[in-house]
Amino acid sequence: MSENRILEILQPLYGGSSKTSDANVTLPFVLQKETVEVSADGKSARLLERVIERVMPRCPHFQTCGGCQYQMANASFQLDIKRSILSDQLRSAGVSFPVEIPAHGGEGYGYRNRIRLRVGRVDEELRLGYSVRATTEFLPITTCPIAAPILWTTAEALLAAATQDEYVAFWLSAASEVELFCNDDLTRIQVTLLCAPRTKVRQGSIERCFEAAQKAAPQIAGLAAIASDARTGPTGRTLATTGAAGLNYRVLDETYWISRGGFFQVNRFLLGTLVKLVCEDDGKPHSGAVAWDLYAGVGLFSRVLARNFARVVAVEANTTAAADNRVALTKLGAEHQVVGSTTLEFLAAAIVQRERPDLIVLDPPRGGAGVDACELLLRLKADHIVYVSCDPTTLARDLAVLQREYRVASLNVVDLFPQTFHLETVVVLERNR
């Protein structure tokens, strides 16, 4: 009969688990240099020796909920873990990079300005929650410490209102998920209900739901129900809407209008840090004739770049976000432009145009820019590229292509997602001479 084994934790892995001294065993919720006793079947582990960086998690759902992986580690150790993961990914891809990787952290809890909660029933009672770790099973929750406090307060108010008002109950029951997004000073919230595409909309019901919801939570500024397919997610079709169509969000000295459904970075404490790392070089603003902001969203970087570049071209495929950015950016000057296009399509067309940018900023989703886009970037020969990444695996793949013509001048880790394995990286690339 197999016996329990004593294993040492060797190295964190991207995804939340860690390597152990047995190459066939990886474990979650353990930290480098700790020692554990693992059961013969490898399904359970008991901590024998803990490191001083281990702390008490704040969330009662930690380890059951699939949202967080690192609440058992203190803030500085989490930054070390993320630096280690980034370095490993880059080395594996053959990317050369500086030895020093500065890391920027902020408040570890209450940082999210947006959460999306599942709607379910427990003993016939409406509940909100997430998913049980590594499953699709519904997990009703009683709190979410990483969310801005006003978000969970609003969620509780909606649940309470549903017990008193038939319209709130109808719309909350019709939703599979509810998304809550707050502004920078936590005074206004957008509520978006994700419902089945064939949900029957009773005339006037969304307005009555909004009225009752506002009585329970006056901070709710707008409410919408949008169609969402169970397999593919939101379809982009609005079923019903009332109240404000978006929120103003202030970052440093810029105010951004974010229409409902538009993307915006989630960490309310580190947005200013991120903007400075992208738009400045050692505290001095990037400047020149032309800058391109690819995957521009609502213009988090475009608006700041427009202060010091004669012309900024912002590229965004999401029509709502592009429209928001167009209104604001063109007010700064007719020479600035917002292009509604995918980045790959824009770059392919730009190859045959005469304009060449001094700086290219790109902030792609988790899938990264992709090899094809990177090959086109090489042909454009911009002096500098600033690559903002939320996935070290796809970042490493793309940098392996770009380093044929560029060197990594600097790397910065920005911990936009404390308590989780996700990390944001800002890479400054300089073209080889």
Kindly indicate the residue of region 199-217 that is open to solvent by less than 90 Å² (accessible area, probe 1.4 Å) and part of a loop (DSSP other than H, G, I, E, B) and also nearest to Asp185 (Cα to Cα) among those meeting that condition. Ala217
Among the residues of region 154-189, which ones are polar (S, T, N, Q), open to solvent by 10 Å² or more (accessible area, probe 1.4 Å) and either part of a helix (DSSP H, G or I) or touching an Asp or Glu at 6+ places or on another chain (Cβ under 7 Å) (or both)? Ser173
Considering only region 273-280, I want to know if a residue exists there that is in contact with a Pro (Cβ under 8 Å, 6 or more places away or on another chain) and modelled with pLDDT of 95 or more. yes
Which numbered condition trips up Glu3, out of (1) surrounded by fewer than 13 Cβ atoms within 10 Å (Cβ to Cβ); (2) free of Cβ contacts under 8 Å to residues at least 12 places away in the same chain? (2)
Please go through (1) under 14 Å from Trp292 (Cα atoms); (2) surrounded by fewer than 23 Cβ atoms within 10 Å (Cβ to Cβ); (3) aliphatic (A, V, I, L, M) for Leu359 and return the number of the only condition it doesn't satisfy. (2)
Considering only region 218-235, I want to know if a residue exists there that is out of contact with any helix residue (DSSP H, G or I) (no Cβ under 7 Å at 6 or more places or on another chain), open to solvent by 10 Å² or more (accessible area, probe 1.4 Å), in a helix (DSSP H, G or I) and within 17 Å of Gln164 (Cβ to Cβ). no
Failed item in (1) touching a His at 6+ places or on another chain (Cβ under 9 Å); (2) open to solvent by less than 30 Å² (accessible area, probe 1.4 Å), with Leu193 passing the rest: (1)
May I ask you to list the residues in region 6-32 that are more than 18 Å from Leu423 (Cβ to Cβ), of a type in the set (S, T, N, Q) and open to solvent by 20 Å² or more (accessible area, probe 1.4 Å)? Ser21, Asn24, Thr26
Pairs under 7 Å by beta carbon, first residue closer than 12 Å to Gly105 by Cβ in region 411-423, partner open to solvent by less than 20 Å² (accessible area, probe 1.4 Å) and among the basic types (Lys, Arg), six or more apart or different chains? Val413/Lys82; Asp415/Lys82; Leu423/Lys82
Between a first residue in region 342-365 that is over 24 Å from Glu430 (Cβ atoms) and touching a residue at least 12 places away in the same chain (Cβ under 8 Å) and a second residue that is small (Gly, Ala, Ser) and assigned to a loop (DSSP other than H, G, I, E, B), which pairs have beta carbons less than 9 Å apart while being 6 or more apart in sequence or on different chains? Thr342/Ala317
Search region 299-310 for residues that are under 11 Å from Thr330 (Cβ atoms) and pair each with any residue that is open to solvent by less than 20 Å² (accessible area, probe 1.4 Å) and in a loop (DSSP other than H, G, I, E, B) when their beta-carbon atoms are under 6 Å apart and the residues are at least 6 apart or on different chains. Ser302/Ala296; Ala306/His336
So Asp282 passes all but one of these: (1) more than 18 Å from Leu252 (Cβ to Cβ); (2) without any contact (Cβ under 8 Å) to a residue 12 or more places away in the chain. Which condition number does it fail? (1)
For residues in region 323-363 being among the β-branched types (Val, Ile, Thr) and within 17 Å of Tyr387 (Cα to Cα), which is farthest from the chain's Cα centre (by Cα)? Ile360
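Out of region 32-47, which residues are part of a loop (DSSP other than H, G, I, E, B) and under 19 Å from Arg133 (Cα atoms)?
In the first step, residues of region 32-47 are kept if they are part of a loop (DSSP other than H, G, I, E, B); the result is 32-34, 39-44.
Across region 32-47, the qualifying residues are Gly42, Lys43, Ser44.
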Those helices (runs of 4 or more DSSP H) completely within region 253-350 that have 2 or more residues that are open to solvent by less than 60 Å² (accessible area, probe 1.4 Å), closer than 29 Å to Arg112 by Cβ and touching a Cys at 6+ places or on another chain (Cβ under 8 Å) are 302-305
Residue count, region 236-252 (criterion: in contact with a strand residue (DSSP E or B) (Cβ under 9 Å, 6 or more places away or on another chain) and either open to solvent by 50 Å² or more (accessible area, probe 1.4 Å) or not hydrophobic (A, V, I, L, M, F, W, C) (or both)): 11
Being over 27 Å from Pro418 (Cβ atoms), open to solvent by less than 10 Å² (accessible area, probe 1.4 Å) and either within 26 Å of the chain's Cα centre (by Cα) or acidic (Asp, Glu) (or both) is the filter here, so list the residues in region 372-394 that pass it. Ala373, Cys374, Leu377, Ile385
Residues located in region 404-420, provided they are part of a loop (DSSP other than H, G, I, E, B) and buried (at least 19 other Cβ atoms within 10 Å of the Cβ): Asp415, Leu416, Phe417, Pro418, Gln419
Mind checking which residues of region 1-31 are assigned to a loop (DSSP other than H, G, I, E, B), within 18 Å of Ile81 (Cβ to Cβ) and in contact with a Ser or Thr (Cβ under 7 Å, 6 or more places away or on another chain)? Leu13, Tyr14, Val30
Restricting attention to region 48-66, does a residue exist that is within 17 Å of Gln419 (Cβ to Cβ), part of a loop (DSSP other than H, G, I, E, B) and open to solvent by less than 20 Å² (accessible area, probe 1.4 Å)? no
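The values are calculated or read from the model by the stated rules, or taken from the named source; none is laboratory data. Every value quoted in this text rests on a predicted model; they were computed, and no experiment measured them. Cβ coordinates were reconstructed from backbone atoms using ideal geometry, including for glycine residues, and neighbour counts include every protein chain displayed. For the accessible areas, the whole protein counts, side chains as well, though only heavy atoms, and no ligand, DNA or RNA atoms are used. Shrake-Rupley method; radii C 1.70, N 1.55, O 1.52, S 1.80 Å.
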